[in-house]
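Engineer: What follows is a single structure, and I will ask about it in a moment.
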Amino acid sequence: MEWKSKFKDECCADELEEMIVDYVKAGFWSNDEILMECEQYIQDFYRSERENIAKDDLLKIIQALRGEFSNTGSQENFRKLESAFRFLKEQGIVALHYAGYTQSDGFEDCNEVAAWLDEKGIKPVGCCFYTQQDLGHILHGESALLSISFGNYFENPTAEEVGKVIAGALEAAGLCVQWDGSAAAKIAVKDFNWDKYYADGE
């Protein structure tokens with residue numbers, strides 16, 4: 001791509017492109033939010049490139065890649081997932097989309113939400129989430145499974161019981177679930193075609 005000529009380090013340009021495309025396909029972040037992530041990435045790993053690429057240039061790159069790679073359509077599959085997560089929140093389970101990059105990040109994000117709810121007098125019984133890494137396996141064509149981590153906050157209900165509620169909610173939303181019923185195994189949504197796209201106000 002022509003814009004890559006602005007970078008002296010080809011690896012930086014390639015990594016930024018892959019990162020931006022993933023964010024666009026995931027469909028959760030605005031152009032400005034993706035821009036902030038790109039600027040932080042350059043700051044952390046390619047400081048010498050800061051003088052070569054202006055903020056406006058980065059934003060144009062993001063806009064161009066969104067135009068090329070953004071999903072389109074009814075978002076039918078994501079809306080099923082969102083419906084299940086809304087139901088789980090009503091059952092006292094913290095349910096987060098795109099929670100951090102790693103599993104530990106996801107649990108930290110859930111725990112922060114659980115602590116905030118606890119301060120308001122609401123005591124969540126458990127949590128579930130999928131991470132950027134989990135979704136990345138689908139976006140890169142490495143898997144058709146969306147893996148969902150989960151856990152409990154009290155002895156009762158147990159993690160297995162929380163897992164059953166989560167699996168049941170996903171199935172009730174029309175999704176195909178794979179899970180062995182144990183607390184050690186993630187719950188997976190099978191044959192998941194990711195179709196979310198970013199829209200202002202959603």
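The values are calculated or read from the model by the stated rules, or taken from the named source; none is laboratory data. These numbers were taken from a predicted model, which means no experiment stands behind them. Don't worry about glycine lacking a Cβ; one is built from the backbone with ideal geometry, like all the others, and counts go over all protein chains shown.
Engineer: Which residues, counting only those in the stretch 38-56, are surrounded by 12 or more Cβ atoms within 10 Å (Cβ to Cβ) and part of a helix (DSSP H, G or I)?
Structural biologist: Matches in the stretch 38-56: Cys38, Glu39, Tyr41, Ile42, Phe45, Glu49.
Engineer: Let me ask something additional. Every residue in the stretch 114-139 that is among the aromatic types (Phe, Trp, Tyr) and outside any helix (DSSP H, G or I), please.
Structural biologist: Phe129, Tyr130 - these are the residues of the stretch 114-139 that are among the aromatic types (Phe, Trp, Tyr) and outside any helix (DSSP H, G or I).
Engineer: Turning to a different aspect of this structure: I'd like the full set of residues that are of a type in the set (S, T, N, Q) and either buried (at least 17 other Cβ atoms within 10 Å of the Cβ) or under 11 Å from the mean Cα position of the chain (by Cα) (or both), limited to the stretch 92-108.
Structural biologist: Result: Thr102, Gln103.
Engineer: As an exercise: evaluate Glu142 against (1) touching a residue at least 12 places away in the same chain (Cβ under 8 Å); (2) under 20 Å from Ala26 (Cα atoms) and give the number of the one condition it does not meet.
Structural biologist: Answer for Glu142: the failing condition is (1).
Engineer: If you don't mind, another one. Return the only residue of Val113, Val125 being surrounded by 17 or more Cβ atoms within 10 Å (Cβ to Cβ) and in contact with a strand residue (DSSP E or B) (Cβ under 6 Å, 6 or more places away or on another chain).
Structural biologist: Val113
Engineer: Hey, among the residues in the stretch 180-195 that are of a type outside the set (A, V, I, L, M, F, W, C) and touching a Ser or Thr at 6+ places or on another chain (Cβ under 9 Å), which one's surrounded by the most Cβ atoms within 10 Å (Cβ to Cβ)?
Structural biologist: Across the stretch 180-195, the extreme among qualifying residues is Lys186.
Engineer: May I pose another question? Do we find a residue being small (Gly, Ala, Ser), under 30 Å from Lys8 (Cα atoms), loosely packed, with under 15 Cβ neighbours inside 10 Å and without any contact (Cβ under 8 Å) to a residue 24 or more places away in the chain anywhere in the stretch 64-80?
Structural biologist: The answer is yes; a qualifying residue exists.
Engineer: Looking at the stretch 174-202, which of its residues are closer than 26 Å to Val24 by Cβ, modelled with pLDDT of 95 or more and of a type in the set (Asp, Glu)?
Structural biologist: Listed by number, the residues that qualify are Asp191, Asp195.
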